[in-house]
Amino acid sequence: MTPRRIGLIPLGLALAIAGGVCAAEEIGVAEPALTEGVPGEFTFAAVVRRAAELATGPYSPDRPELPDYLSDLDYDRYRDIRFDPTQNLWRNESLPFQMNFFHRGFLSKDRVTINLIEEGQSTPVVFRHDLFNYGKNRVPDDMPGDLGYAGLRLMYPLNRDQIFDDLTVFQGASYFRALGKDLNYGLSARGLAIDTGLPSQEEFPVFREFWIRKPDADATEITLYALLDSESVAGAYRFVIRPGIETVIDVKARLFFRKSVQKLGVAPLTSMFFHGENTDRFIDDFRPEVHDSDGLLIETGYGERIWRPLVNPVGLRVSNFQVENPRSFALLQRDRDFRSYEDLEAHYQNRPSAVVEPIGDWGKGVVELVEIPSNAERYDNIGAYWIPERRTESGQEFEFEYRIRFTRDPEAGMLGGRVSSTRVGAGGTDILDSGVRKFVVDFAGETLAGLDPETPVEAVVLTTSGHVSKPVVQANPETHGQRLFFELTPDGNTPADLRAFLRHGDDVLSETWSFRWVRE
């Protein structure tokens with residue numbers, strides 16, 4: 001079980017840069033660095049060259065030992081390290097973006113080198129401890145000057161003019177998060193996933209260095225580059241971030257493999273599902289549901305939409321969906337009703353959905369969903385990513401481009417039927433002892449809402465094991481949609497992969513609902 005990254009809770013750790021135009025030594029910026037052999041302006045090619053060179057040698061993490069007063073911090077003491085928000089980088093330059101940085105300590109062991117690109121030149125940002133407020137923590141005045149940072153935060157006036165809100169955070173291994181308008185932090189993306197869900201230990205690549213291009217006064221996007229490194233692979237990444245009602249991040253990645261990887265997860269998403277309306281065991285919680293995401297959505301290359309409700313399983317579950325050239329895959333928070341959560345602090349109804357849209361042909365492969373047992377909402381227990389059919393070998397190079405949309409409702413323009421809820425309970429005539437499971441699936445959408453009440457709607461329900469009863473579909477006046485009922489009689493303890501969709505004659509009216517039933 002993987003703890004939720006510290007960066008999921010704003011920690012208020014940043015580099016403060018005082019006063020408009022200052023000398024380099026006054027703002028913590030060193031003399032300009034070389035552009036890695038690229039003549040003139042710093043480009044993505046410089047990072048690609050660094051990654052390729054790095055992959056030719058053994059992996060050597062940049063993790064210098066932390067002093068005891070930082071490594072021995074607990075969660076609360078680490079959060080007590082704060083910065084002065086009036087000192088954000090670019091604050092006094094009337095730019096549309098601001099930036100600050102996270103402090104190393106507690107679980108943030110890796111040193112992250114951060115560079116600024118201005119007028120084509122890359123300049124490293126040096127660490128200065130006097131730019132931080134350490135709260136109740138006692139630290140010496142002579143902290144190491146090469147301590148470095150643990151990550152960075154970009155800010156932008158998402159919700160109100162002149163008020164800079166969190167936009168994007170890069171902190172912890174290769175994790176990053178982003179927000180659209182009126183949203184709270186929830187799920188995360190990662191640069192790469194390696195050997196997730198295998199009996200062997202998962203490998204966590206790290207973004208060890210960043211280059212951030214200083215924006216112009218009228219910029220509507222900001223670009224940063226990242227150098228990824230791990231035991232098996234080094235990589236160069238470019239992120240172009242466009243904030244708004246939905247924040248869009250265009251990602252380009254070049255990967256160079258030191259050695260073969262058993263399972264390569266591209267464009268991974270990470271989220272939390274503790275319990276929801278489909279949880280069929282008792283959870284002692286006053287809140288009806290607790291989750292950052294409630295389902296995986298896959299849009300195949302031939303247009304089928306597959307919806308898999310998430311679960312918090314008793315045992316590890318790994319599900320594969322074979323797709324060639326997927327149009328998208330996403331972890332969505334479809335349920336936006338406060339009454340589903342009743343949480344005045346977490347605001348789960350305002351957590352973003354994240355949609356990955358491949359650019360170019362990705363070929364054959366699978367979208368994999370990993371669901372890990374969890375006993376608390378503080379753990380990220382859900383993972384989804386693309387696994388290419390092509391195998392990795394030492395010396396190979398891979399290249400991927402994709403777009404991630406962090407948004408409230410990525411399906412706002414969708415007319416067809418989509419699943420709005422999944423409920424599971426006891427079925428049969430003796431609900432206390434039959435072993436039969438009843439499934440109730442609600443579909444909603446403009447197409448269904450516009451149907452004549454007399455229109456016959458039927459369901460196609462399939463299972464890989466056991467037996468399903470004849471499905472029943474009836475109009476649901478509360479949702480202006482259609483409700484599907486059916487029962488599954490399991491084949492002993494054999495898991496059953498279920499699929500269902502609605503149709504009228506030859507016309508398909510809904511996406512495909514997919515669910516894995518496992519006796520627990």
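Relative contact order of the range 2-407: 16 percent, from C-alpha pairs under 8 Å at least 6 residues apart in sequence. Pairs exceeding 30 Å between alpha-carbon atoms, taken from LYS136/LYS252; LYS181/LYS364; LYS109/LYS263; LYS109/LYS214; LYS263/LYS470: LYS136/LYS252; LYS181/LYS364; LYS263/LYS470.
Full extension of the chain between GLU93 and ARG327 gives 80.2 nm of extra length, using 0.36 nm per residue less the Cα-Cα distance. Computed 3J(HN,Hα) for the range 172-183, one whole-Hz value per residue from the Karplus formula 6.51 cos²θ - 1.76 cosθ + 1.60 where θ = phi - 60°, is x, 6, 10, 6, 8, 9, 8, 10, x, 4, 6, 10, glycine and proline marked x.
Ranked by the mean number of other Cβ atoms within 10 Å per residue, highest first, peptides 117-124, 351-358, 497-504 order as 351-358, 497-504, 117-124. For ARG82, the residues whose modelled amide H falls within less than 5 Å of its own, excluding neighbours fewer than 5 places apart on the same chain, are ASN133, TYR134, GLY135.
Taking other C-beta atoms within 10 angstrom as a stand-in for reagent exposure, THR43, THR464 fall in the order THR464, THR43, fewest first.
Rounded to the nearest 10 degrees, the angle from helix 44-55 to the longest Cα principal axis of the chain is 90 degrees. Annotation for the range 317-384 versus the range 470-492: alpha-carbon center distance of 24 Å. How much net charge surrounds ALA444 when only the other residues with a Cβ under 15 Å from the Cβ of ALA444 are counted, with Lys and Arg +1 and Asp and Glu -1? Local net charge: -4. Backbone N atoms of the range 176-190 closer than 17 Å to the 7 Å Cα→Cβ label point of ASN159 belong to residues 178-187.
What does the highest-first list of 210-216, 126-132 look like by mean Cβ count within 10 Å?
With the highest mean Cβ count within 10 Å placed first, the list reads 210-216, 126-132.
Take the Cα of LYS259, go 7 Å toward its beta carbon, and the backbone nitrogen atoms of the range 212-243 under 12 Å from that spot belong to 231-233.
Net charge of the neighbourhood of GLY148, taken over other residues with C-beta under 14 Å away and scored Lys/Arg +1, Asp/Glu -1, is +1.
Rounded to 0.05, the FRET efficiency of the VAL508 and ARG287 pair, given R0 = 25 Å and the Cβ-Cβ distance, is 0.10.
A value for Cα extents along the principal axes in Å was derived from the coordinates, and within the list (i) 77, 49, 44; (ii) 72, 53, 47; (iii) 74, 61, 44 it appears as (i).
Length available on full extension from VAL314 to ILE359: 0.36 nm per residue minus the Cα-Cα distance, which gives 12.6 nm.
Highest average first, the peptides 468-475, 330-337 ordered by how many other beta carbon atoms sit within 10 Å of their residues are 330-337, 468-475. Relative to the current alpha-carbon distance between ASP146 and GLU401, full extension at 0.36 nm per residue lengthens the span by 88.4 nm.
Taking 11 Å as the cut-off, the amide N atoms of the range 417-449 that come nearer than this to a point 7 Å along the Cα-to-beta-carbon line of SER469 belong to 426-431, 436-440.
Distance between the modelled labels on ALA219 and LEU415, one decimal in nanometres: 4.1 nm (7 Å Cα→Cβ projection). The helix-based estimate of mean residue ellipticity at 222 nm for the chain, built from -39,500 (n - 2.57) per DSSP H run of four or more residues and divided by its residue count, is -1000 deg cm²/dmol to the nearest 500. The alpha-carbon of LYS438 sits under 17 angstrom from the alpha-carbons of these aspartates and glutamates, leaving out residues fewer than 8 places away in its chain: GLU277, ASP280, ASP430, GLU487, ASP491, ASP497, GLU520.
Of all aspartates and glutamates in the structure, those lying under 19 Å Cα to Cα from LYS259, and not within fewer than 8 positions of it along the same chain, are GLU53, ASP195, GLU202, GLU203, ASP229, GLU231, GLU389, GLU393, GLU397, GLU399.
Every read-out reported here was derived from the displayed coordinates using simple, explicitly stated rules and does not represent laboratory data. Keep in mind the model is a prediction, meaning the values are calculated, not measured. Backbone-built Cβ (ideal geometry, glycine too); neighbour counts: all protein chains shown.
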